[in-house]
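J.: Before anything else, here's the structure in question.
The values are calculated or read from the model by the stated rules, or taken from the named source; none is laboratory data. Remember, predicted model here, so these are calculated numbers, not experimental data. We place every Cβ from the backbone using ideal geometry, glycine too, and count neighbours over all the protein chains shown.
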Amino acid sequence: MRMQRLIPFLLAPWLCTAALANPYETTLKNGLRIIVKEDHRAPTAVQMVWYRIGSTDEVDGASGVAHVLEHMMFKGTPSVGPGEFNKRVAAAGGRDNAFTSRDYTAYFQQVPKEKLEEMMQLEADRMRHLNVDAKEFEQEIKVVMEERRMRTDDNPQAKLFEQMNAVAYQAHPYRRPIIGWMNDLETMTAADAKAWYDQWYVPNNAYVVITGDVEHKEIFALAEKYYGPLEGRALPVRKPQVEPKQEGTRRVTVKAPAELPSLIMAYKAPVLRDIEKDSEPYALEMLAAVLDGHDAARFNKKLVREDKVALSVDIGYDGTARGPGMLYVSGTPAEGKTIADLEAAIRAEIAHVQKDGISDTELKRAKAQLLAAEVYKLDSMFGQAMEIGQIESANLPYRGLNRMLEKLQQVTAAEVQAAARKYFTDDTLTIGVLDPQPLDGKARRPAVATRH
């Protein structure tokens with residue numbers, strides 16, 4: 001999955017005074033946490049199983065194994081045949097999928113509420129009883145390699161982001177692509193996937209989030225029935241992997257067939273570690289919203305519509321992660337403009353914020369946009385489960401979501417300006433440039449800037 005901005009702020013306190021105990025939580029004896037958020041507006045339910053394991057836990061030479069194992073999780077158990085998991089979800093009138101990130105791997109089903117028990121039984125079964133068959137692996141690793149070709153090797157923007165990321169991080173595992181380097185995929189074996197599964201897929205390294213038209217006490221009883229018998233196991237020690245301080249601008253150029261050049265400017269930035277004590281991640285989230293949170297935001301208004309120096313300019317900042325943070329500015333120059341023109345224009349707009357700050361009107365609008373987005377998420381059972389799961393994956397408590405929104409609403413214009421001055425600095429900047437080469441006749445995705 002390509003990195004996207006995560007705004008982990010759920011809803012204002014006045015929206016949840018009627019259900020202060022909701023979500024509900026219990027922990028089974030094997031260490032598995034069960035989090036239930038009741039929402040009785042529609043007769044559906046979502047189950048998400050989150051494993052605290054992602055590409056950041058891989059080692060050199062085995063990149064991509066977390067994602068490969070995600071694929072293998074659909075290949076069956078002694079009681080459920082290969083591919084049958086998806087068929088049973090579809091037969092239940094639901095949908096399911098999975099996704100791997102740097103910090104976690106997650107699986108979900110959204111089904112009519114009366115089918116939830118069956119889904120819990122299926123997930124519990126593959127949590128500890130997965131078949132990692134060598135023949136199935138041989139087929140699935142080919143699928144993953146083709147996925148890499150499609151999403152990265154044949155996508156100039158994705159290739160640029162991958163190379164820029166590998167330069168921006170030198171020691172931390174975030175330097176490796178989630179999908180893995182192709183050579184690592186080519187040499188990976190079924191035994192590698194099985195070892196990963198045996199090592200990390202245990203109940204004490206997971207948590208289950210269920211949202212929808214359910215009663216939490218009934219869900220706790222079902223969790224005890226299906227997940228309770230699974231045995232936990234001591235986990236390997238995860239050694240701290242600290243990225244050394246960057247002390248100067250880094251640059252990388254990628255040559256690839258494309259119609260247009262592209263630019264990524266990546267600045268090292270902090271992430272949230274303490275909901276109450278930290279302040280800069282909230283200011284950076286508001287800074288990103290002011291620059292690129294809506295159609296009238298600064299980048300789009302100034303660089304795209306007025307100066308016409310860019311076809312598009314985007315900013316992405318993820319304030320929650322297990323590892324180090326990054327703020328990305330990406331863009332594509334307009335016709336007749338160069339990468340140098342675009343970089344200069346972006347720098348000028350950043351310098352304007354650093355020197356003159358932002359207006360109260362801009363700040364109020366950005367806050368209103370973010371709050372509205374969070375309120376709209378309440379209409380989605382899946383969205384509610386995602387927010388709880390993602391914030392927990394960053395080792396932050398989901399019960400702090402409302403406080404995080406309060407802290408976001410308290411950000412001042414002065415704090416936004418201070419964050420811009422502190423973190424938009426060349427000393428922590430990595431610049432990636434796509435140098436377009438003649439097209440080779442192969443079908444390709446449009447060469448336009450995307451969020452990462």
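J.: Going residue by residue through the stretch 14-33, is there one that turns out to be more than 18 Å from the chain's Cα centre (by Cα), aliphatic (A, V, I, L, M) and either at pLDDT 95 or above or crowded, with 23+ Cβ neighbours inside 10 Å (or both)? Before the answer, list the steps.
T.: Taking the stretch 14-33 first, the residues more than 18 Å from the chain's Cα centre (by Cα) are 14-33.
Applying the additional criterion that residues be aliphatic (A, V, I, L, M) yields 15, 18-21, 28, 32.
Next, from what is left, pick out any that are either at pLDDT 95 or above or crowded, with 23+ Cβ neighbours inside 10 Å (or both): 28, 32.
Yes - at least one qualifying residue is present in the stretch 14-33.
J.: May I pose another question? Quick check on the stretch 317-331: of everything there that is of a type in the set (Gly, Ala, Ser) and at pLDDT 95 or above, which residue is farthest from MET164 (Cα to Cα)? First the steps, then the outcome.
T.: Taking the stretch 317-331 first, the residues of a type in the set (Gly, Ala, Ser) are 319, 321, 323, 325, 330-331.
Those still in the list that are at pLDDT 95 or above too: 321, 323, 325, 330-331.
Numbers: ALA321: 19, GLY323: 17, GLY325: 14, SER330: 12, GLY331: 14 Å.
Of everything passing the filter in the stretch 317-331, ALA321 is farthest from MET164 (Cα to Cα).
J.: Would you point out which residue out of ARG151, ARG102 is within 30 Å of GLN246 (Cβ to Cβ), touching a Phe, Trp or Tyr at 6+ places or on another chain (Cβ under 7 Å) and outside any strand (DSSP E or B)?
T.: On the way: ARG151 fails: touching a Phe, Trp or Tyr at 6+ places or on another chain (Cβ under 7 Å).
The match here is ARG102.
J.: Condition first: crowded, with 18+ Cβ neighbours inside 10 Å and touching a Ser or Thr at 6+ places or on another chain (Cβ under 7 Å). Can you find one or more residues in the stretch 84-96 that meet it?
T.: There is no residue in the stretch 84-96 that is crowded, with 18+ Cβ neighbours inside 10 Å and touching a Ser or Thr at 6+ places or on another chain (Cβ under 7 Å).
J.: Could you list all residues from the stretch 189-200 that are buried (at least 20 other Cβ atoms within 10 Å of the Cβ) and out of contact with any helix residue (DSSP H, G or I) (no Cβ under 6 Å at 6 or more places or on another chain)?
T.: Hit for the stretch 189-200 is TRP200, nothing else.
J.: Any residue in the stretch 392-412 that's closer than 18 Å to VAL375 by Cβ and not assigned by TED's automatic domain parsing to the domain that holds TYR104: show its pairings with residues that are part of a helix (DSSP H, G or I) and small (Gly, Ala, Ser) at Cβ separation under 9 Å, as long as the two are six or more apart or on different chains.
T.: Qualifying pairs under 9 Å: TYR398/GLY389.
A quick yes/no check of all residues on (1) under 22 Å from ALA334 (Cα atoms); (2) surrounded by fewer than 16 Cβ atoms within 10 Å (Cβ to Cβ); (3) without any contact (Cβ under 8 Å) to a residue 24 or more places away in the chain:
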{"position": "LEU230", "(1), (2), (3)": "no, no, no"}
{"position": "LYS239", "(1), (2), (3)": "no, yes, yes"}
{"position": "VAL242", "(1), (2), (3)": "no, yes, no"}
{"position": "VAL252", "(1), (2), (3)": "yes, no, no"}
{"position": "GLU259", "(1), (2), (3)": "yes, yes, no"}
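J.: Suppose we filter THR320, THR332, THR338 for residues that are over 30 Å from PRO436 (Cα atoms) and hydroxyl-bearing (Ser, Thr, Tyr); which single one remains? Let's see the steps before the verdict.
T.: Values: THR332 fails: over 30 Å from PRO436 (Cα atoms); THR338 fails: over 30 Å from PRO436 (Cα atoms).
Selected residue: THR320, the only one of THR320, THR332, THR338 that is over 30 Å from PRO436 (Cα atoms) and hydroxyl-bearing (Ser, Thr, Tyr).
J.: Scan the stretch 364-399 for residues that are farther than 16 Å from ARG33 by Cα and not in a helix (DSSP H, G or I) and jot them down.
T.: Across the stretch 364-399, the qualifying residues are LEU378, ASP379, SER380.
J.: In the stretch 283-295, how many are in contact (Cβ under 8 Å) with a residue 12 or more places away in the chain and more than 17 Å from LEU405 (Cα to Cα)? So that I can check it myself, show each step before the final result.
T.: Looking only at the stretch 283-295, we keep the residues that are in contact (Cβ under 8 Å) with a residue 12 or more places away in the chain, and these are 283-294.
The next check asks that each one be more than 17 Å from LEU405 (Cα to Cα); those that pass are 291-292, 294.
The total comes to 3.
J.: From the list VAL143, VAL214, exactly one residue is assigned to a helix (DSSP H, G or I) and touching a residue at least 24 places away in the same chain (Cβ under 8 Å). Which is it? So that I can check it myself, show each step before the final result.
T.: Details: VAL214 fails: assigned to a helix (DSSP H, G or I).
Selected residue: VAL143, the only one of VAL143, VAL214 that is assigned to a helix (DSSP H, G or I) and touching a residue at least 24 places away in the same chain (Cβ under 8 Å).
Condition check ((1) among the hydroxyl-bearing types (Ser, Thr, Tyr); (2) out of contact with any Cys (no Cβ under 9 Å at 6 or more places or on another chain); (3) under 30 Å from ASP103 (Cα atoms); (4) in a helix (DSSP H, G or I)) across all residues:
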| site | (1), (2), (3), (4) |
| --- | --- |
| LYS302 | no, yes, no, yes |
| LEU311 | no, yes, no, no |
| GLY316 | no, yes, yes, no |
| LEU327 | no, yes, yes, no |
| GLU343 | no, yes, no, yes |
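J.: What is the one condition in (1) outside any helix (DSSP H, G or I); (2) under 24 Å from ARG322 (Cα atoms); (3) not polar (S, T, N, Q) that ILE358 does not satisfy?
T.: If we test ILE358 against (1) outside any helix (DSSP H, G or I); (2) under 24 Å from ARG322 (Cα atoms); (3) not polar (S, T, N, Q), just (2) comes out false.
J.: Residues that are of a type in the set (D, E, K, R) and crowded, with 16+ Cβ neighbours inside 10 Å: does the stretch 163-180 have at least one? Show your work before the answer.
T.: At the first step, the residues of the stretch 163-180 found to be of a type in the set (D, E, K, R) are 175-176.
Within this subset, residues satisfying the condition of being crowded, with 16+ Cβ neighbours inside 10 Å are 175-176.
Checked against the condition, which is being of a type in the set (D, E, K, R) and crowded, with 16+ Cβ neighbours inside 10 Å, the stretch 163-180 yields at least one hit.
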